[in-house]
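Worksheet: one structure, shown below.
The values are calculated or read from the model by the stated rules, or taken from the named source; none is laboratory data. Just so you know, these numbers come straight off a predicted model, no measurement behind them. Positions of Cβ are generated from backbone atoms using ideal geometry, with glycine treated the same way; all protein chains shown enter the neighbour counts.
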Amino acid sequence: MPIRLLPPTLVNQIAAGEVVERPASAIKELVENALDAGASRIDVVVAEGGQALISVSDDGCGMAPDQLELAVERHATSKLPDDDLVHIRHLGFRGEALPSIGSVARLTITSRPQGAESAWALSVEGGAKGRPVPAAHPPGTRVEVRDLFFATPARLKFLKAPRTELAHAVDVLERLAMAHPQVAFSLSDGARSVLKLSGQRGDAAGALLARLGAIIGRDFQDNAVALDAEREGIRLTGWAGLPTFNKGTSAYQYLFVNGRPVKDRLVIGAVRGAYQDVLSHDRHPAVALFVDLPADSVDVNVHPAKSEVRFREAGLVRGLIVSAIRHALAAAGHRTASTVSDAALGALGAAAAPRPGFSYQWQPSSRPSHGQIWQAVAAQAPLGLSEALPGLHMPPAAPHSETPVDPQALDFPLGAARAQLHDTYIVAETRTGLVIVDQHAAHERLVLERMRAALAEGRVKTQALLLPEVIELGEAGATRVAEAAPLLAELGLVVEGFGPGAVVVRETPALLGECDVQSMIRDLADDLAEWGEALKLKEKLVDVCATLACHGSVRAGRRLSAPEMNALLRQMEATPLSGQCNHGRPTHVSLGLADIEKLFGRR
C-alpha cells in the first residue's frame, strides 16, 4: 500500500482524539487560552454536560479579524514568540486546541480587541472554516462549541452521563482557578450556577489560601499548614492538611508546576512518603502544592493535553516536597484537625438531645458554682469518686481536694489534668474549654519520636533482660525475624535464632521500659511477612519503630497519677506530630467552652 499524506481535516480529527478527550478537555483548552489572554474574569456555560454547548467568555485582550483566521489554523500560536520550546511561559502553546475542536464540532469565535470599535466572529464546522463577519460583543472573546463530536459519532459512545461530564468540567475549572486566585470564574449549566468564584485580592499567600478554602472547603483552610521551601532554584509553596484531616481517596491532592495544573506520579509518591508515619495506609492527605522552577528544568511538552510534566532533577523535587511537608507538620506540634472536635461535638449533641415529651428549663440565677458541684458530689461519694462513679478516676490533685491545681497550668495549650476516664482518657481543663486525651495514642507518638531522634544520633540505648525470652514463631516467622536481626539491633532490639522455629530476645530498647516482648516480636514477624521480601527492610524503618513504640507506650487501662498525666501533656506540647498517633488517629480532642455551653442550651 503506497504512503500518502492524510487530509488536513483527518489530521485535525486525529489530534482532537488526543487533545479533546471529553467536554472537560475542550473547556480546559479554552480557559487556558483565556488566561493566556490576560483575562480577569472567565464565564463558562455548558449544556448536557458540554456535548450540546460549551461557551467560554473572557475579558482578555481579544483578537482582530486576521488573528481570528490564524487562530483556527493547525499549529498557529502566539505563545512561542522566539520558537523556543524550552522556555515556555504560557499554558497553551501547541496550537492544536482550536483547530482540533473545530474539526469535531461546530465552533464559533467572537472577539473584540481592547480599544477596538467593533467585534468579529468566525465559524468552523466539522473542519470547514468560514470568513470573519462583523458581530456585537464587548472587549474580550467568547468561544462557543456546539454539538461536540458530531463529526466523529463513534466518539459519542465513550461519553458518560451529562452529570458525570459536568463533574469533570467542574474539576478542570477548579484546578485552573486554584492556580489563578486573582481571576474570577463561574460555571453554569444554563439553568443554575454550578461554580462561582470571585477574584481574590490582597497578598498572594492570603489570596491563594482563600481560593483553596472556597474550592476544597473551609475545613481545609482551617486545618492546613503553610509550605514555603527552596532548594537549588526550585521553590515549593502551598498548603498541606494536618494528618488528622484526611480523606478516603487521593482526589484532594493538587499539584501545580509553574502555574500549570498537572498530575505526576512522582509527586504523589513524595506526598505519601511525607505522611507515611503519621497516616494510615488506607487514608490520604489533602494538599495543594505549587512548584516553581526554571523553565528549562521541566518539560511540559511530554503529553498532548499538557497534563503531565517531566522534571530534569526528579529526585531533587521529590526530596524538597518530602522535607518541606515533614518540617511543616513537625512545626504544627500537638495541633490536630478542628474537624475532630466538630465530630465530637456532633456526637455529644446527638447523645444529649432531649427525648420526646421531655422538657427542661434553665435557671441561671440558681445555678451552683463549680466548687459547690464538686462539694456536693464529694458528699454523696464517701467511698471516693472512682468507686461512686464507675470509670471515673480523680487524682489526688482534683478540684474538690485540699491541694488545688496550679492555676498557671491552665495556660498551657493542653491545660491541667483533672481526671482520668476508664483508665484510658485524660480530661484536662484549659482557660477556654477542655481537652480529652487518649493516653495510649499520645504516648505511642512520644515514644516513636524519641526512638527516631535516638536513631538519628546513632545511639539507641538498650536494656538487657534479666532472663532472655525464647519465643516460638514457627520456622517461617523465626527465619524472617532472624534475617532482620542486624537492623533490629540498630533499634536496640537484640534477637538471635534459637533452634528451628524460635528466636531469643536478649535486649530491648530502653525507651520502651517494661513491655510485652512476646507480643512485640510476634507483631514484628507478622509485619515482616506482610511487607514481603521484595521490599528492603531499611525502607520500613519507620514502620518497625512504630511497632516497637506501640508496645512500649502507656497502655489503655493503666491508671495514672496527676503528675504522670500532666507530664504526658507537657511532653505532647513539646513533641512534633503529637496531634496524631502513629496510625494517623487523633491523640486528643479540644472542646471550646462556648461550644460546650451551646450543647446545654446556655447560648
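Residues that are surrounded by 15 or more Cβ atoms within 10 Å (Cβ to Cβ), modelled with pLDDT under 90 and not small (Gly, Ala, Ser): which strands (runs of 3 or more DSSP E) entirely in segment 253-320 hold 1 or more of them? Explain how you work it out, then say what you get.
Numbers: elements: 253-257, 260-262, 287-292.
Per the criteria, 260-262.
What helices (runs of 4 or more DSSP H), lying completely within segment 130-223, carry at least 1 residues that are in contact with a Lys or Arg (Cβ under 7 Å, 6 or more places away or on another chain), in contact (Cβ under 8 Å) with a residue 60 or more places away in the chain and surrounded by fewer than 21 Cβ atoms within 10 Å (Cβ to Cβ)?
162-179
Okay, residues lined up against (1) within 28 Å of Glu597 (Cα to Cα); (2) part of a loop (DSSP other than H, G, I, E, B); (3) within 30 Å of the chain's Cα centre (by Cα):
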site	(1), (2), (3)
Ala409	yes, no, no
Ala428	yes, no, yes
His440	no, no, yes
Ala478	no, no, no
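Please go through (1) in contact with a helix residue (DSSP H, G or I) (Cβ under 7 Å, 6 or more places away or on another chain); (2) part of a helix (DSSP H, G or I) for Gln518 and return the number of the only condition it doesn't satisfy.
Going through the list (1) in contact with a helix residue (DSSP H, G or I) (Cβ under 7 Å, 6 or more places away or on another chain); (2) part of a helix (DSSP H, G or I), Gln518 breaks only (1).
Would you say Leu329 is buried (at least 19 other Cβ atoms within 10 Å of the Cβ), at pLDDT 85 or above and within 24 Å of Ile27 (Cα to Cα)?
no
Is it fair to say Gly492 is surrounded by 14 or more Cβ atoms within 10 Å (Cβ to Cβ), part of a loop (DSSP other than H, G, I, E, B) and at pLDDT 80 or above?
So Gly492 fits the description; yes.
Checking the conditions here, which among Ser341, Ser323 is assigned to a helix (DSSP H, G or I), polar (S, T, N, Q) and modelled with pLDDT of 85 or more? It would help to see each step written out before you state the result.
Working: Ser341 fails: modelled with pLDDT of 85 or more.
From the options Ser341, Ser323, the qualifying one is Ser323.
Consider only pairs whose beta carbons are under 8 Å apart and that are at least six residues apart or on different chains; among these, list those whose first residue lies in segment 583-603 and is charged (D, E, K, R) and whose second residue is surrounded by fewer than 13 Cβ atoms within 10 Å (Cβ to Cβ) and in a loop (DSSP other than H, G, I, E, B).
Partner pairs satisfying both residue conditions: Glu597/Arg603; Arg602/Trp362.
Among the numbered criteria (1) under 23 Å from the mean Cα position of the chain (by Cα); (2) more than 22 Å from Gly62 (Cα to Cα), which one does Ala177 miss?
Unmet condition: (2).
Is segment 50-65 home to any residue that is under 21 Å from Val133 (Cα atoms), polar (S, T, N, Q) and assigned to a strand (DSSP E or B)?
yes
Looking at His137, His87, His168, which is the one that is under 27 Å from Asn258 (Cα atoms), at pLDDT 90 or above and not assigned by TED's automatic domain parsing to the domain that holds Ala210?
Going through His137, His87, His168 in turn, just one is under 27 Å from Asn258 (Cα atoms), at pLDDT 90 or above and not assigned by TED's automatic domain parsing to the domain that holds Ala210: His168.
Counting only residues that are modelled with pLDDT of 85 or more and in a helix (DSSP H, G or I), how many does segment 556-603 have?
Of the residues in that region, 14 qualify.
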